[in-house]
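The structure under discussion appears below in the form of structure tokens.
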Amino acid sequence: MIITKNALPRRTFLKGVQATLALPLLDAMIPAMTALAKTPAKPVSRLGFVYIPMGCDRARWTPPGEGALGELSPILAPLAPVKEQLTVVTNLRLEQSYPGTHDTSNAGFLSAALAKHTESSDYHLGTTVDQVAAKQMGRDRQLPSLELSMDLNPLAGVCNNGYACVYQNCLSWSSPTTPLPSEAHPRIVFERLFGEGDSADGRRAALRSRASLLDSFSDDIARLKRRVGVTDRVRVDQYLDTVREVERQIQRAEAGAASNPTPDLDRPVGVPAAFADHAKLMFDLQVLAFQADITRVVTFQLARELSNRTYPEIGVADPHHPTSHHGNDPEKLAKIAKINTFHVSLFAQFLEKLKSTPDGDGSLLDNTVYMYGSGMGNSSLHDHENLPILIAGGAACGMRGGRHIQYKDGTPLANLHLTLLDQVGVHLDSFGDSKGKIDDLFEPVPL
């Protein structure tokens, strides 16, 4: 047997007509007889954030007890399959988001900064934690970061209490005066990941010109599979099947929208009609973006503050925002809990997909840290206390899952941001209004 150090480069692409296709991490990218951690192909850390609006029903969110995460609360029950990589964190606060509004809830979630009270374009916030990470983690990626949402049509002008709508529209800010728009249309996200035209119109035209993105790579795929082993061939097939299935979902959504005589004006043309189908597709795109190492930082606004979306599919026909002003009404609280559980179930399915996707010696979930939560605690009071916050994944980054951690009342959410940055290799002394790192959330990772 001849052992060679030759290996495929980690940044291997298949080149098609006006498109490229990055590959996932393969065994063939690791030189023979070399420890994975000592190669350029070693797995990398990734960081993601999912935002839910208008807080939660705390009684049904908070798990019983503290320490080891035994019984899950009713809202968090869908996360049972990934409980060992889940930490529930309570008593975190957004001090700079007062006076409590929907605008400052959204704006403070990733910035922990004070939003300037203005109705005009002289808005001012702070660089958000995802963009701090992207400046290091994403500097040599195709996309330094990816900003996603579920609502295409952003509000304009003044949204609430004299605050410009930009504070509700944008989770991510690359500087205190530069909000980053998010994208809700799956086709456009897909093109950003895999298209290569000179403009968005060019990329759309290129993709419409063929039945499938993968058709233009058939010869390259065949050559690649002849070069790699059986395990890698299976991994490539699984990845390509995922790409093709996402394409099919987008095409089905576009076909359905084209044949619908009464399109839903609250969603862009070509988006799946059902909220769950749309959310799952946006989560699938995040899996692809991480799997192909196109980006390492993602933010996803699962729903907007002030959203009047209804959820008849789960038995909630009342709009979300008015229902969130529950005034401790048991019926309204039960409906809020149903919405919370529905959102968590979509996140849980995404985490299970990350867990089943190989990445180096582990899975994408092992190498990815996600924070899920809201910038509002009690929606009826518009407060920013005891925020609903989850941390998932990150075993390879030192994440100690399967726990419920209760911190001292009023612990800054920025402490958690600082800790997350530290664990993915972005080292800062402070962030926002942080007063220190959260030492017991992670443990040191052996080098």
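The values are calculated or read from the model by the stated rules, or taken from the named source; none is laboratory data. This one's a predicted model, so the numbers in the text were calculated from it and none came from an experiment. Backbone-built Cβ (ideal geometry, glycine too); neighbour counts: all protein chains shown. Accessible surface is based on the protein model in full, side chains and every heavy atom, while ligands, DNA and RNA are left aside. Shrake-Rupley method; radii C 1.70, N 1.55, O 1.52, S 1.80 Å.
Show the residue pairs that are 6+ apart or on different chains and have beta-carbon atoms under 7 Å apart, the first residue being within region 386-413 and on the phi > 0 side of the Ramachandran plot, the second being aromatic (Phe, Trp, Tyr) and assigned to a strand (DSSP E or B).
GLY393/TYR370; GLY398/PHE442
Given the structure, is LEU416 modelled with pLDDT of 95 or more, part of a loop (DSSP other than H, G, I, E, B) and within 20 Å of LYS83 (Cα to Cα)?
Values: modelled with pLDDT of 95 or more: yes; part of a loop (DSSP other than H, G, I, E, B): no; within 20 Å of LYS83 (Cα to Cα): yes.
Answer is no for this residue.
Determine which single condition ASP422 fails, assuming it passes every other condition in (1) without any contact (Cβ under 8 Å) to a residue 60 or more places away in the chain; (2) crowded, with 22+ Cβ neighbours inside 10 Å.
(2)
Is it true that some residue in region 63-73 is at pLDDT 95 or above and among the charged types (D, E, K, R)?
Looking for residues that are at pLDDT 95 or above and among the charged types (D, E, K, R), one finds none in region 63-73, hence no.
So which strands (runs of 3 or more DSSP E) stay within region 331-412 end to end and still have 1 or more residues that are open to solvent by 10 Å² or more (accessible area, probe 1.4 Å)?
Counting at least 1 such residues, we get 403-412.
The rows are residues; the columns are (1) under 27 Å from THR101 (Cβ atoms); (2) among the β-branched types (Val, Ile, Thr); (3) surrounded by fewer than 17 Cβ atoms within 10 Å (Cβ to Cβ); (4) at pLDDT 90 or above.
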{"site": "ALA258", "(1), (2), (3), (4)": "no, no, yes, no"}
{"site": "LEU281", "(1), (2), (3), (4)": "no, no, no, yes"}
{"site": "ASP284", "(1), (2), (3), (4)": "no, no, no, yes"}
{"site": "VAL287", "(1), (2), (3), (4)": "no, yes, no, yes"}
{"site": "PRO319", "(1), (2), (3), (4)": "yes, no, yes, yes"}
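If a residue must be aromatic (Phe, Trp, Tyr) and either surrounded by fewer than 24 Cβ atoms within 10 Å (Cβ to Cβ) or assigned to a helix (DSSP H, G or I) (or both), how many such residues does region 43-61 contain?
2
Taking region 420-437, which residues are assigned to a helix (DSSP H, G or I) and of a type in the set (Asp, Glu)? Show your work before the answer.
Taking region 420-437 as the starting set, the residues that turn out to be assigned to a helix (DSSP H, G or I) are 420-423.
Matches in region 420-437: ASP422 only.
Condition first: open to solvent by 10 Å² or more (accessible area, probe 1.4 Å), modelled with pLDDT of 95 or more and of a type outside the set (A, V, I, L, M, F, W, C). Can you find one or more residues in region 290-306 that meet it?
yes
So, restricting to strands (runs of 3 or more DSSP E) that lie completely within region 113-189, which ones have at least 2 residues that are touching a residue at least 60 places away in the same chain (Cβ under 8 Å) and polar (S, T, N, Q)?
Passing ranges: none, list empty.
Out of the residues in region 139-163 that are at pLDDT 90 or above and within 17 Å of SER182 (Cα to Cα), state the one that is most open to solvent (accessible area, probe 1.4 Å).
Ranking the qualifying residues of region 139-163, first place goes to PRO144.
For residues that are open to solvent by 10 Å² or more (accessible area, probe 1.4 Å), modelled with pLDDT of 95 or more and among the polar types (S, T, N, Q), tally how many sit in region 104-135.
2
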